[in-house]
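Working notes for the structure below.
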Amino acid sequence: MILRIHRVYSTALPADRDRVAQVQVIFRDNFAAVATYADKIPDLLNRPFEFGYRSVLFVSENASGSVTGFSLFLHLPEINSSLLDFVAIRKGIRGGGLGGALYSATREYLREMGSRGLYMEVFPDSPLVKDPAVLAQNRRRIRFYESHGARIITGTDFETPIDEDPAAHLMFDSLGREDPLRRAEARAAFRLILTRKYSKLVAPDYIERVVESVVDDPVRVLEPRRSKKTRTDAVPTVHAEKAFALVSSPAHALHHVREQGYVERPARVDSLCEALAPLPFFESRPLVHFPDKHIKAVHAPDFVTYLHDVCLKLNSKRPVYPYVFPIRRPEKRPKDLAVRAGYYCIDTFTPLDRNAYDAARAAVDTALSAARLVVDGRRVAYAICRPPGHHAERRAFGGFCYFNNAAIAAHYLSTLGRVATLDIDYHHGNGTQDIFYQRADVLTVSVHGHPNIAYPYFSGFADERGDGDGVGYNRNYPLSETITEVQYLATFDRALATVRRYDPTFLVVSIGFDIMKGDPTGTFPLTAGSMREIGRRLVSMALPTLVVQEGGYRLNNLRSGAPAFFKGLYECVERGGPVHKTTQRRGRTSSHRWSSASQ
């Protein structure tokens, strides 16, 4: 059996709404006593700061995409530990190791995050439990967690019953840490768990009494009381998705202009891939080919046809540079395809050759493949596109760009919700602006070098705000040549505020590492530390995000800037940023502390 484990961040996307709906069915089937809690799961994901913890939901899916089980745990950032809330598999599924796979995926995720530990509540397996069936179930659950390294905390008042029912044990999984659980750490965990989950069920003095009852240092735990039975279930083949996905295409290397001074070279992609390879939260995903209709939805069909036809007729060893620029009227197009390049180009340094079209076409597939991963529920997908695209307009190429990869992907996403594009390349994304200038369903925001001093010179001014239906949906933040890091970040925050007010479903980021110090085409002083801070601030949007590679021509900057940027994103995406406390928390609806962590 092949098992895919996927993290669900919110219900913003149709695919994730369907996953959560299936989780709710599984929940109600397994936890009838608190079935109404299933109704809260969307809020737990969509409004994480309201409850004093961040809810993390993993789902297992079979080959057909049906949800077979889930794991829901609550991360408490103050102690960098979590409480396992519920684990369940779909009724009717027997064996297969699904519960173990979900729990193992949860543990692995927490270990990667550097978590201090995982707590869980389980009902006791003592003679106080009168129902034989319930007693047997409790024993199975305790044995299950013990087999994965969790231990029952003993010698405290946590097990004090609130009513006549036996109270739950609190178990602790050190996630492989060798040092024991210390008293101060356990007290902090007890206080947070009881306050955040049960403040409506228990009085403050009860919480303090339980906390103060932790006197042993280190905390005492019970060794497993029951031997683990040898499992005979078939172990599933598990694919636990990494947090971030990366897509690239080997076809980028086809486009190699070997002329002095041409900085847009294949080594850029190699440097990015090598720099990101050690990061444990990235995984490469395969390229998918998409039909031309996605390109022609953004670019004029005659322009697409021209690029295809002219490149096929050219010699790859002798590129053609546009040098004649006729007035762009349909009846004035030169008949010679090579000469006609100036009709469709905005500059004299973006060449055409036999391989340019194939490489550009593969870059489009790279962006769309990453966009599809975002639609399927991936929180961040990175499309390493080469050649880049944000200077390509509806009917023109230039600035090393042939097709506008980010704009094509943004249009694709716009069929499912509002899209904001945020361009942080050093150069203004004139192509993206041109394509969406009269549209309100895609917001275009750009932070860049002022066009008075930076390519493309003719666009990117602050007063360019859109036209027709698009009035107000294009915002430019041009910056001076001598900008400081502090000034850049302040402007970047203004751009984020503009995106936030738009309230999009998706965010498309056109990233150019030419904003870093020393780039041959830029003047900004940003460092790897700056890129990490940009990533941290960017993730405050809490949106499904597609990152599309644009410029950046100093290889050392690519090697240091890309890992720093994505580390900043990852730190906040996975840890959830700061959690704001509220005065009241939502408690259980049952009359006792509900022991909810069951397999």
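The values are calculated or read from the model by the stated rules, or taken from the named source; none is laboratory data. Small disclaimer: the values here were computed from a predicted structure and weren't measured. Glycine gets a Cβ as well: all are built from the backbone with ideal geometry, and neighbour counts include every protein chain shown.
Per-residue answers, yes or no, for (1) closer than 19 Å to Asn557 by Cα; (2) in contact (Cβ under 8 Å) with a residue 60 or more places away in the chain:
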| site | (1), (2) |
| --- | --- |
| Gly470 | no, no |
| Arg475 | no, no |
| Phe492 | no, yes |
| Leu507 | no, yes |
| Pro525 | yes, no |
| Met531 | yes, no |
| Ile534 | yes, yes |
Determine if the range 457-479 includes at least one residue that is β-branched (Val, Ile, Thr) and modelled with pLDDT under 95. no
Regarding Val25, is this residue at pLDDT 95 or above and within 17 Å of the chain's Cα centre (by Cα)? no
Name the single residue that is modelled with the lowest pLDDT among those in the range 208-243 being in contact with a Ser or Thr (Cβ under 6 Å, 6 or more places away or on another chain) and either surrounded by 13 or more Cβ atoms within 10 Å (Cβ to Cβ) or in a strand (DSSP E or B) (or both). Leu222
May I ask you to verify whether Ala189 is aliphatic (A, V, I, L, M), surrounded by fewer than 17 Cβ atoms within 10 Å (Cβ to Cβ) and part of a helix (DSSP H, G or I)? no
Look through Arg395, Arg386 and report the one residue that is of a type in the set (Lys, Arg), surrounded by 24 or more Cβ atoms within 10 Å (Cβ to Cβ) and in contact with a helix residue (DSSP H, G or I) (Cβ under 8 Å, 6 or more places away or on another chain). Arg386
Test of understanding: among Glu146, Glu112, which residue is surrounded by 17 or more Cβ atoms within 10 Å (Cβ to Cβ) and charged (D, E, K, R)? Glu146
In the range 102-147, the residues that are acidic (Asp, Glu) and closer than 24 Å to Leu192 by Cα: Glu108, Glu112, Glu121, Glu146
Pick out, from the range 266-327, the helices (runs of 4 or more DSSP H) lying fully within it that include 1 or more residues that are in contact with a strand residue (DSSP E or B) (Cβ under 7 Å, 6 or more places away or on another chain) and outside the structural domain of His411 (by TED's automatic domain parsing). 301-313
Those residues of the range 454-477 which are surrounded by 13 or more Cβ atoms within 10 Å (Cβ to Cβ) and either closer than 16 Å to Thr521 by Cβ or of a type in the set (Val, Ile, Thr) (or both), in sequence order: Ala454, Tyr455, Pro456, Tyr457, Gly460
Checking Glu571 against (1) modelled with pLDDT of 95 or more; (2) assigned to a helix (DSSP H, G or I); (3) acidic (Asp, Glu), only one condition comes out false. Which one? (1)
Residue, modelled with the lowest pLDDT, within the range 139-160, restricted to residues that are closer than 22 Å to Val202 by Cβ and out of contact with any Leu (no Cβ under 6 Å at 6 or more places or on another chain): Thr160
Subset of the range 388-425 that is charged (D, E, K, R) and either in a loop (DSSP other than H, G, I, E, B) or in contact with a Lys or Arg (Cβ under 9 Å, 6 or more places away or on another chain) (or both) - its residue that is farthest from Ala300 (Cα to Cα): Asp425
Residue set Asp358, Asp441; condition modelled with pLDDT of 95 or more, surrounded by fewer than 22 Cβ atoms within 10 Å (Cβ to Cβ), of a type in the set (D, E, K, R) and over 19 Å from Ala251 (Cα atoms); output residue Asp441
Consider Thr482 carefully, then state whether it is out of contact with any helix residue (DSSP H, G or I) (no Cβ under 6 Å at 6 or more places or on another chain), modelled with pLDDT under 95 and among the hydroxyl-bearing types (Ser, Thr, Tyr). yes
Could you please let me know if Asp514 is surrounded by fewer than 18 Cβ atoms within 10 Å (Cβ to Cβ) and over 25 Å from Ala243 (Cβ atoms)? no
Taking the range 107-122, which residues are part of a loop (DSSP other than H, G, I, E, B) and modelled with pLDDT under 90? Met113, Gly114
From Leu543, Leu496, grab the single residue that is within 20 Å of the chain's Cα centre (by Cα) and either modelled with pLDDT under 95 or surrounded by fewer than 16 Cβ atoms within 10 Å (Cβ to Cβ) (or both). Leu543
Return yes when Ala33 is within 21 Å of Phe506 (Cβ to Cβ) and of a type in the set (Gly, Ala, Ser) and no when it is not. no
